[in-house]
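This report refers to the structure that appears directly beneath it.
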Amino acid sequence: MKWQSWSYMYAALWLASGSTAWASDDIDKQLAVFATAQSLSDIELGQQRGRYIVSGQAYYFGLLMQTHYLDHHGVTQQASMQLEINPQGLTVTVAESQLVMGEYVEANLYGQASGLQQRIQIAGEDNHVINDFSLGSGQLAPLVGGQQVSLGQVLVSEDGQRQYSAVPGHFGIQLQLNNGQSQQMLLNHDGGRQLLQSTTVNGSHHQIINSSQLQFGGVHFGRLGTSILAQQLLGNNFYGQ
């Protein structure tokens, strides 16, 4: 892994989020430091973890995954999972209380090894499917009706339609549709870290919206030190490596 590739990616995400108004000259000056970038081992990157937080400043990362489903009869379902990491650790919350122990949720991966994978497969008419991802600063609001889930648990709703995985490296939600399936998952798959949004529909008159919202705070996103910190925090804690 190179500092250059990670830091450029985070800078691009930060700029795309609209959270800054840097001039092009300022950006060039900030990125000039990468001209002589060298490859670092995972051990060397691990040693940088936590070194670039300003004294007394608390960091925060949060990821909210929500799936809304409206079937052809007008019946609605919703699944929500929220992951938050701060100096106290990682917490996982779901917006459903009547849950039982479930089985491992298999991710619908198709070739791509890392990054954001958004996939829609439809067979039918008058279907409306959206995969949406957003990035912003600040903390997530508490999940309405949320209950905390222990790490390592896989839970399922009493009707068997909604599954929640809190397995490190395999976080996510899955909805069984009348004629298909919808997933959102944060994965560490064969060493590749990935956010997956996937929906398969076989039928007509369905509406599905997958939305993932990543929030950060206490970190100057996009600069060298904190970009490495962000990668380490997301990688080692969210992904479970």
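Every number here is computed from the coordinates shown, using simple stated rules; none is lab data. This one's a predicted model, so the numbers in the text were calculated from it and none came from an experiment. Here the Cβ positions follow ideal geometry from the backbone for every residue, glycine too, while neighbour counts run over all protein chains shown.
Quick notes on this structure:
- When you filter the chymotrypsin sites (Phe, Trp or Tyr not before Pro) in segment 84-169 for DSSP loop state and at most 13 other Cβ atoms inside 10 Å of their Cβ, you are left with Tyr104, Tyr110.
- Seen through its C-alpha gyration tensor, with square-root eigenvalues sorted a ≥ b ≥ c, segment 50-193 comes out prolate because a/c lies at 1.5 or above while a/b is bigger than b/c.
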